[in-house]
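These notes concern the structure reproduced below.
Computed from the coordinates by the stated procedures, all read-outs in this text should not be read as laboratory data. A quick note: this is a predicted structure, and the numbers were derived from the prediction, not measured. Positions of Cβ are backbone-derived with ideal geometry, glycine not excepted, and every protein chain shown enters the neighbour counts.
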Amino acid sequence: MDERRSCVRWQINQEAELKLNDSIGVMPCTVDDISLKGIRISLRRNLFPEVLSRLNLALPNGPELRVEARVAWQDNSDLTNNVYGMSFVDMKESNRKNIYDYVSSNFPQEVNRRWKEGLV
């Protein structure tokens, strides 16, 4: 499959905690990949794709990202998890820096691999 994104996603496959719209409950999820423009997450719950959400995403050994995002696509073919591609909306520069620093520190092989492919 040809990569058509303007900003590549780094494969991190990390367990994380997600909170939507300042709700009280936290949902466990897996961040399959992340970029400066979005994430692919897997979780057991359904999200409403038509709703713009405020996300608090706590990454292990990393920052808590507070961003607005919308569901760009979803795949519910897995019987145990729902997979969502989410696009960040109005991303602050500090969040972009936090994401890049997190990936660089915890997954340098991903940054190097993408650099060699000419995709960073």
Calculated FRET efficiency, E93 and M27, Cβ-Cβ r, R0 30 Å, to nearest 0.05?
-> 0.65
Give the long-range amide H neighbours of I12: residues separated by 5 or more places, or on another chain, with amide H under 5 Å away, using H modelled in the peptide plane at 1.01 Å from N.
-> D33, I34
Approximate spin-label separation L52-A72, in nm, with each point projected 7 Å along Cα-to-Cβ | 1.7
Taking only Cα atoms and a 10 Å spring cutoff, compute GNM fluctuations for the chain and point out the largest among D33, D101, D75.
-> D75
Once the principal axes of the Cα atoms of the chain are found, what is the range along each, listed largest first in whole angstroms?
-> 39, 31, 24
In nanometres, the difference between 0.36 nm per residue of separation and the alpha-carbon distance of R44 and C7 is 10.6 nm
Report the relative contact order of the chain, percent, no decimals, based on alpha-carbon pairs under 8 angstrom and at least 6 residues apart.
-> 23
